[in-house]
2 protein chains.
Amino acid sequence: MNTQTRLVEVRQKVLKQNDVVARALRQRFQEAGVRVVSLVSSPGAGKTAFLERVLTTLAGRKRVAALVGDLATDNDAQRLARSGAPVRQITTGTVCHLEAQMVLDALEGWDLASLDLLFLENVGNLVCPASYDLGEALRLVLFSVTEGEDKPLKYPTIFNTADVAVITKMDLATAVEFDREAAHRNIQSVRPGIQIIEVSSKSGHGMEECLSILA
Amino acid sequence: MNTQTRLVEVRQKVLKQNDVVARALRQRFQEAGVRVVSLVSSPGAGKTAFLERVLTTLAGRKRVAALVGDLATDNDAQRLARSGAPVRQITTGTVCHLEAQMVLDALEGWDLASLDLLFLENVGNLVCPASYDLGEALRLVLFSVTEGEDKPLKYPTIFNTADVAVITKMDLATAVEFDREAAHRNIQSVRPGIQIIEVSSKSGHGMEECLSILA
């Protein structure tokens, strides 16, 4: 067997093991009554800014917590912790995505039943996070107006595995000559019927619509 | 041996095999007298717009060609072919990076000795492309002002394996309140001494400085 074939086989085994852990996580989340929402996007699409806004808005209304994945640094966890919500950083080293086992390990000691909502912010990557189920109930793919309207066509899998598409940085739409129709058309062509929400974490535009699907 | 350990081992073997092909490619490029420059970045950082500008500017001055990697679509190859340069698309399917063997295969039938410069545009991904040598003489990491100044700290390896950092979309710097000093400081902290060039593919700002290191 050549190395490429063996790599594919071992990867499939890793994915299968991930699915087993993800299924157990999903059941645990359901039993604890916590709604788990994951966020995937390209680096710099605004996951942390979006989550910062969501956590701050929900403070006092819902019991919310977050796990944040990055290759290095705990900058995002520090930023998000300012909202007052419990936040933990998962540092993945060279791994380009979160896996169910990392989520399981990071939850240690947390009483899930005391939470209404748990967010999982994945590593910024439009490819590999698509393949790893984290036990979430809802997966949001974020996509900023600065990235180019063709991205859904070029990274179809991540849009295909998401439940809702959130177009971020709408405050920059005019500056970057964002073609709204093309973006919507491209998202719908790879994931027909998906709900699309346009937001600006800066101005707060669209946040109430987001909150209505989250909580 | 558990699956994770086996995955690491098989991956290391893939990387070793990639290095062998990359070394052969590098020698072939040198013998043909073609300078090979690769581009890595996050999705939407502006690799294609940058390359479009470079190819158009060099048309008639240098004999230039490009290979462009994407998971799906040949949009980028079509865009770049408008410059008149020979361009080929590498479609990687689910693979999140280019490998030396893909470059080797895509070069089939091309007379490298007839070229001065060959560009390799990698898949948009700030993680995995860092590990794969493509036989290039120069690797540029592109990083747009819209992504956030902290990205070098969060994705250190890709900055560490690059020879030059190019900050793109400088025309949007004011609109996104880009903190130039923080960006430079963060790049230098993960890759001390690296040359940094600021460009706008839209206005052409900084392009001459780029061309001076490319050709």
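Work out Dmax and Rg for the protein assembly as shown from the C-alpha atoms and quote the Rg first, both in angstrom.
Cα radius of gyration and Dmax of the protein assembly as shown are 21.6, 68 Å respectively.
Mean residue ellipticity at 222 nm from the helices of chain A, using -39,500 (n - 2.57) per DSSP H segment of n ≥ 4 over the full residue count, to the nearest 500 deg cm²/dmol?
Values: 8 runs with 84 residues, N = 215.
It comes out at -11500 deg cm²/dmol, rounded to the nearest 500.
How far apart, in nm, are the 7 Å Cα→Cβ label points at A:Ala113 and A:Gln188?
4.6
Assuming R0 = 41 Å, what is the FRET efficiency of A:Ser212 and A:Asp105, from their Cβ-Cβ distance, to the nearest 0.05? It would help to have the intermediate numbers written out before the result.
On the way: r = 32 Å, r/R0 = 0.78.
So, using R0 = 41 Å, E works out to roughly 0.80.
For a quick check: sort B:Ile194, A:Ile213, B:Ile187 by the number of other beta carbons within 10 angstrom, fewest at the front. It would help to have the intermediate numbers written out before the result.
Numbers: B:Ile194 17, A:Ile213 14, B:Ile187 23.
Ordered by Cβ neighbours within 10 Å, fewest first: A:Ile213, B:Ile194, B:Ile187.
Evaluate peptide B:152-158: per residue, the Cβ atoms of other protein chains within 10 Å of its Cβ; return the mean as an integer. Before the final figure, lay out each step's value.
Values: counts 1, 5, 10, 10, 3, 4, 2.
Averaged over the peptide's residues, the number is 5.
Work out from phi, with θ = phi - 60° and the Karplus expression 6.51 cos²θ - 1.76 cosθ + 1.60, the ³J(HN,Hα) of each residue of region B:177-190, listed in order in whole Hz, and give x for Gly and Pro.
Values per residue, Gly and Pro as x: 6, 5, 9, 4, 4, 4, 4, 4, 4, 5, 4, 5, 6, 8 Hz.
Compute the convex hull volume of the Cα atoms of chain B, divide it by the residue count, and report the result per residue in Å³ as a whole number.
Values: hull volume 27.5 nm³, N = 215.
So the per-residue Cα hull volume is 128 Å³.
For Cα pairs less than 8 Å apart in space and 6+ apart in sequence, what is the mean separation divided by the residue count of region B:3-214, i.e. the relative contact order in percent?
It rounds to 24 percent for region B:3-214.
How far apart, in nm, are the 7 Å Cα→Cβ label points at B:Glu9 and A:Lys16?
1.8
Could you tally the net charge around A:Asn75, taking each other residue with its Cβ under 9 Å from the Cβ of A:Asn75, Lys/Arg +1 and Asp/Glu -1?
-2
For the pair A:Gln78 and A:Arg63, how long in nm is the line joining their label points, each one 7 Å along Cα→Cβ?
According to this spin-label approximation, the distance is 2.9 nm.
Among A:Gly124, A:Gly46, A:Gly60, which one shows the biggest mean-square fluctuation in a GNM of chain A, springs joining Cα atoms closer than 10 Å?
A:Gly60
Would you work out the relative contact order for region B:3-96, in percent, from Cα pairs under 8 angstrom that are 6 or more residues apart?
Details: 69 pairs, mean separation 19.4, N = 94.
Result for region B:3-96 is 21 percent.
Looking at the square roots a ≥ b ≥ c of the eigenvalues of the Cα gyration tensor of region B:46-112, which shape do they give, rounded for a/c under 1.5, prolate if a/b is larger than b/c, or oblate?
oblate
What translational D, rounded to a whole number of µm²/s, comes out for region A:165-213 from Stokes-Einstein when the hydrodynamic radius is the Kirkwood one over Cα pairs, at 4 °C and 1.567 mPa s?
Values: Rh = 11.4 Å.
Taking Rh from Cα pairs, D becomes 113 µm²/s.
Which of B:Leu39, B:Leu153, B:Leu98 moves most in a GNM of chain B, Cα contacts under 10 Å?
Looking only at B:Leu39, B:Leu153, B:Leu98, the biggest GNM fluctuation is shown by B:Leu153.
Check which residues have an amide H placed less than 5 Å from B:Arg63's amide H, if you skip close sequence neighbours.
Distant-sequence amide H within range of B:Arg63: B:Asp116, B:Leu117.
Grab the Cα-Cα distance for B:Thr161 and B:His205, subtract it from 0.36 nm times how many residues apart they are, and report the gain in nm with one decimal.
Values: separation 44, 0.36 × 44 = 15.84 nm, distance 2.54 nm.
That works out to 13.3 nm of additional length.
Give me the compactness ratio for region A:116-199, meaning the Cα radius of gyration over 2.2 N^0.38 Å.
1.07
Any idea how far the Cα center of region B:1-55 sits from the one of region A:1-15, in Å?
What the calculation gives is 20 Å, centre to centre.
A:Thr94 to A:Glu31: extension gain in nm, 0.36 nm per residue of separation minus the Cα-Cα distance? Spell out each step's value before the answer.
Working: separation 63, 0.36 × 63 = 22.68 nm, distance 3.30 nm.
Once the chain is fully extended between A:Thr94 and A:Glu31, it gains 19.4 nm.
At a Förster radius of 45 Å, what calculated FRET efficiency corresponds to the Cβ-Cβ distance of A:Arg23 and B:Arg180, to the nearest 0.05?
That pair, A:Arg23 with B:Arg180, gives E of 0.45.
Classify region A:14-59 from the C-alpha gyration tensor, please: rounded if a/c falls under 1.5, else prolate or oblate depending on whether a/b exceeds b/c.
oblate
Each value in this text was obtained by applying a stated rule to the coordinates, not by laboratory testing. In this text, all values refer to a predicted model and were calculated from it rather than measured experimentally. For neighbour counting, all protein chains shown are included, and Cβ atoms are generated from backbone atoms with ideal geometry for every residue, glycine included.
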